[in-house]
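Notes follow once the structure below has been shown.
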Amino acid sequence: MPLDSEADLIAPADIKRAIHDIVSDIVAVRRYLHQNPELSHQEDKTSAFVAKRLRDLGLDEVRTDVGGYGVVGEIRGTAATTRPVKTIALRGDMDALPIQETSDLPYRSCVPGVMHACGHDGHTSNLLGAATILAGLRNQFSGTVRLIFQPAEETVGGAKRMCEDGVMQGVDSIVALHGWPGLSVGRIAVRPGPMMASSDTFDLTITGKGAHAAQPHNGIDPIVAAAHVVLALQTVSSREMSPTEPVVVTVAQFHAGTAYNIIPGVAELKGTIRCLTEEHRTEIPERIERIAAGICAGLRAEYRFKFKRGTPVTVNDFAINQLVAETGVEVLGPENVVTLDSPSMGAEDFAIYLKHAPGAMFRLGVGEQMTALHTPTYNFADDALPHSIEIFVRAALKFLAA
Ligand code: NI
């Protein structure tokens, strides 16, 4: 019987065995990274650690300082083929968060006020694990696997800068994962189409006229105007958008005043907008400004509205999502691949890579009981690593062979 793809040359059992052989080392890597977290734009040691590991694997190319502290490794398959060769990118993020870890893990963070509360230690280790396996299989596949170790995901900007430095040049597809609490270890969740929301920000400065707090009629109170604006903004999602099309407008900061007895001259509001379509991303800032303008005019205040575009919507490509789902079924069984009904309104700068090539991000189960992301006791599940490494490796081989 003819082989229908080169991936068939590599027996799944061999891949599993190879992963089994390296998993204790990868768990040690994960714990080392957990213990030594670095904030966004400061991933100096993490990046050097990753680059050394990749060089030790004898990769064809290891580039450092890509878009900041980013590291890019390349594995070029050497198997002969008559088909045009393709490139798949696999991405892992490396940065930690400004949170004081409160767990009593033996490998808890040794950096005060900094911890891997989003599990990027797990994402980085997973990608190093996949790199190790794929480097060992190099003579059994054709095409290229590009390993993207990204800095500064939490502050947004890492993906953009890496793309500006050309990491997506020549890439035909890209895959990433995010560890997900509430989903059991041994399960993944996938979704075609929107997976994560866009994230944009706005600043509203409302200017009135300062006065003695006991003589409000002599001033124009910006706090009262801003309070009306905050309340009226609740109608953007509840009264202006279809109930079946989620958007989020959150005022997350409200600053004004200096004393008990002074009406200040200025109140400042800052917030975030989350959408699932580009149309909404364009419309909603206009709606916010219209509401602010109307209220401020009515209350004699002035306003300045600033809108800043951040991360686009993460939209999973149908075919690549399907490839990940099928790989998940082969690795974990059909009962352990969940198709999500709805996206998360959180955002991911993985969306920026998807502007350059089709790809997909999936959720990796790290345990039903695991505390939420961005909390002081979050801890990526080591047990999930063999599963995620196998999915990355087999999805990459499948893509290159198809
Ligand atoms: Ni994260």
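Before moving on, here are some points about what is shown:
- 3J(HN,Hα) along segment 308-324, derived from phi through the Karplus expression 6.51 cos²θ - 1.76 cosθ + 1.60 where θ = phi - 60°, amounts to 10, 6, x, 8, x, 5, 7, 10, 6, 5, 4, 5, 6, 4, 5, 4, 5 Hz, with x in place of Gly and Pro.
- Along segment 230-235 the Karplus relation, 6.51 cos²θ - 1.76 cosθ + 1.60 evaluated at θ = phi - 60°, assigns HN-Hα couplings of 4, 5, 5, 5, 5, 7 Hz to successive residues, with x for each Gly and Pro.
- Amide H contacts of VAL366 (H built 1.01 Å from N, in plane; Pro and chain starts excluded): TRP180, GLY182, LEU183 sit under 5 Å, all sequence-distant by 5 or more or on other chains.
- Centre-to-centre, using Cα atoms only, segment 101-169 and segment 280-303 are separated by 41 Å.
- Placed amide H near ASP65: partners under 5 Å, 5+ positions off or other chain: GLY70
- Each peptide among 128-138, 53-63, 235-245 gets the average number of other Cβ atoms lying within 10 Å of its residues, and from highest to lowest they stand as 128-138, 53-63, 235-245.
- Its Cα gyration tensor gives the chain an equivalent ellipsoid. The semi-axes, each the square root of 5 times an eigenvalue, are 45, 23, 18 Å from largest down.
- Dividing the convex hull volume of the alpha-carbon atoms in segment 126-257 by its residue count gives 212 Å³ per residue.
- Sorted peptide list for 340-347, 356-363, criterion being average Cβ within 10 angstrom, highest first: 356-363, 340-347
- Other-chain or far-sequence residues with amide H under 5 Å of HIS41's (modelled H): ALA152
- Alpha carbon convex hull of segment 199-311, volume per residue in cubic angstrom: 88
- Cα long-axis angle, helix 120-136 against the chain (0 to 90 degrees, to the nearest 10): 20
- Computed over the chain with a Gaussian network model linking Cα atoms closer than 10 Å, the most mobile of LEU385, LEU332, LEU105 is LEU105.
- Using a simple spin-label model with pseudo-atoms 7 Å out from Cα toward Cβ, GLU61 and ARG76 lie 0.8 nm apart.
- Around ALA211: net Lys/Arg minus Asp/Glu count, Cβ-Cβ under 14 Å: +1
- Karplus-derived HN-Hα couplings along segment 299-305 (A = 6.51, B = -1.76, C = 1.60, θ = phi - 60°), whole Hz, x at Gly and Pro: 9, 6, 9, 10, 9, 10, 10
No value in this document is a laboratory result; all are computed from the given coordinates. All values derive from a computational prediction rather than experimental measurement. FYI the Cβ positions are ideal-geometry reconstructions off the backbone, even for glycines, and counts take in every protein chain you see.
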